[in-house]
Amino acid sequence: AIDEVNPGKVIFTGGEPLLCSKMISDIIRYYELGMNRHWKAVISSNLAMKLTDSMKDALSLVEFIQTTYTDERFFDDVDCGNQIKENVKYIRDNFKNIEAIDCTITLTENTLINHPTPNVIWGIMSTIGFDSYTIEFMSNYGDLTEPDKYYQYADDFLLNMIKLEESEVSNVVEYHGNANRQIILDAINTNIPISCYICQVSNNKYFHAPSN
């Protein structure tokens, strides 16, 4: 499939792809040694387990890591949250091949109840050391107790995050070039969903990582 598509980026996802770390290493080395690999490699991992030697080997061969944040993972399971922090630090200290670590923050109902403003989560992001992060809304109405209230709270959360660090907002910059911040604010204030015909993103909002 890689040969047919000829991609610029290959994402190893799951499940938990690091549980198949040897396979990932074998695939990348096969292309590096025999096929002149020209694509960037991404591992999408929760980073919630202690890293084995095999996992570390796979991480030494990729350029990007994507991980996720939920309140449940960082607050309900403190050990899990601490393991993620430890792994990010270890990766920073030992793998210079990693160009960026991105975190997707999923705004669950519990997250919005526990943190109606983004200050606490913003503080967590600034101490862990992610390069960028994505705000992800829940899209399945069946998973929501009060969908209308949820989306209003989620919009307010996003608007407050934009106000909290205006200079760090990079929504649509990577894909779209010249982005107009006012378009984002207007869309939130008028309850109009933001969609993009270029990257096909409708429920995600992109931000640079907060500064320490």
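For region 94-109, indicate whether the set of residues that are in a helix (DSSP H, G or I) and either farther than 24 Å from Phe137 by Cα or open to solvent by less than 50 Å² (accessible area, probe 1.4 Å) (or both) is non-empty.
The first filter runs over region 94-109 and keeps only residues in a helix (DSSP H, G or I), leaving 94, 109.
From the residues that got through so far, the ones that are either farther than 24 Å from Phe137 by Cα or open to solvent by less than 50 Å² (accessible area, probe 1.4 Å) (or both) too are 94, 109.
Checked against the condition, which is being in a helix (DSSP H, G or I) and either farther than 24 Å from Phe137 by Cα or open to solvent by less than 50 Å² (accessible area, probe 1.4 Å) (or both), region 94-109 yields at least one hit.
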Inspect region 44-59 for any residue being within 24 Å of Tyr30 (Cβ to Cβ), hydroxyl-bearing (Ser, Thr, Tyr) and crowded, with 18+ Cβ neighbours inside 10 Å and give the result as yes or no. yes
I'd like to check something: does region 19-40 contain any residue that is within 20 Å of the chain's Cα centre (by Cα), part of a loop (DSSP other than H, G, I, E, B) and farther than 17 Å from Pro7 by Cα? no
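Table: residues versus (1) among the polar types (S, T, N, Q); (2) more than 26 Å from Lys50 (Cβ to Cβ).
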residue	(1), (2)
Arg73	no, no
Asp77	no, no
Asn87	yes, no
Phe137	no, yes
Leu144	no, yes
Tyr151	no, yes
Leu158	no, yes
Is one or more of the residues making up region 133-142 outside any helix (DSSP H, G or I), small (Gly, Ala, Ser) and open to solvent by less than 70 Å² (accessible area, probe 1.4 Å)? no
Contact list please: Cβ distance under 9 Å, first residue in region 9-36 and closer than 18 Å to Lys50 by Cβ, second residue open to solvent by 50 Å² or more (accessible area, probe 1.4 Å) and part of a loop (DSSP other than H, G, I, E, B), pairs at least six apart or on different chains. Leu18/Thr52; Cys20/Gly14; Ser21/Thr52
Take region 81-110 and flag every residue that is out of contact with any strand residue (DSSP E or B) (no Cβ under 8 Å at 6 or more places or on another chain) and closer than 13 Å to Ala154 by Cβ. Thr108, Glu109, Asn110
Kindly list the number of the only condition in (1) within 17 Å of the chain's Cα centre (by Cα); (2) open to solvent by less than 50 Å² (accessible area, probe 1.4 Å) that fails for Lys85. (2)
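Filtering region 111-126 down to residues that are of a type in the set (S, T, N, Q) and surrounded by fewer than 19 Cβ atoms within 10 Å (Cβ to Cβ), which residue is farthest from Asp155 (Cα to Cα)? If you could, list the steps in order and put the result at the bottom.
Of region 111-126, the ones of a type in the set (S, T, N, Q) are 111, 114, 117, 119, 126.
Now restrict to residues that are surrounded by fewer than 19 Cβ atoms within 10 Å (Cβ to Cβ): 114, 117, 119, 126.
Values: Asn114: 16, Thr117: 11, Asn119: 15, Ser126: 22 Å.
Checking each candidate, the answer is Ser126.
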Applying the selection to region 143-155, what residues are open to solvent by 70 Å² or more (accessible area, probe 1.4 Å) and either part of a loop (DSSP other than H, G, I, E, B) or under 15 Å from Ile105 (Cβ atoms) (or both)? Thr145, Glu146, Tyr153
Do we find a residue being in a helix (DSSP H, G or I), open to solvent by less than 60 Å² (accessible area, probe 1.4 Å) and of a type in the set (Phe, Trp, Tyr) anywhere in region 65-75? yes
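The values are calculated or read from the model by the stated rules, or taken from the named source; none is laboratory data. All figures in this text were calculated on a predicted structure; none of them were measured in a lab. Neighbour counts are summed over all protein chains in view; Cβ atoms, including those assigned to glycine, are modelled from backbone coordinates with ideal geometry. Just so you know, the surface numbers come from the protein's heavy atoms only, side chains and all, with ligands and any DNA or RNA stripped out. Shrake-Rupley method; radii C 1.70, N 1.55, O 1.52, S 1.80 Å.
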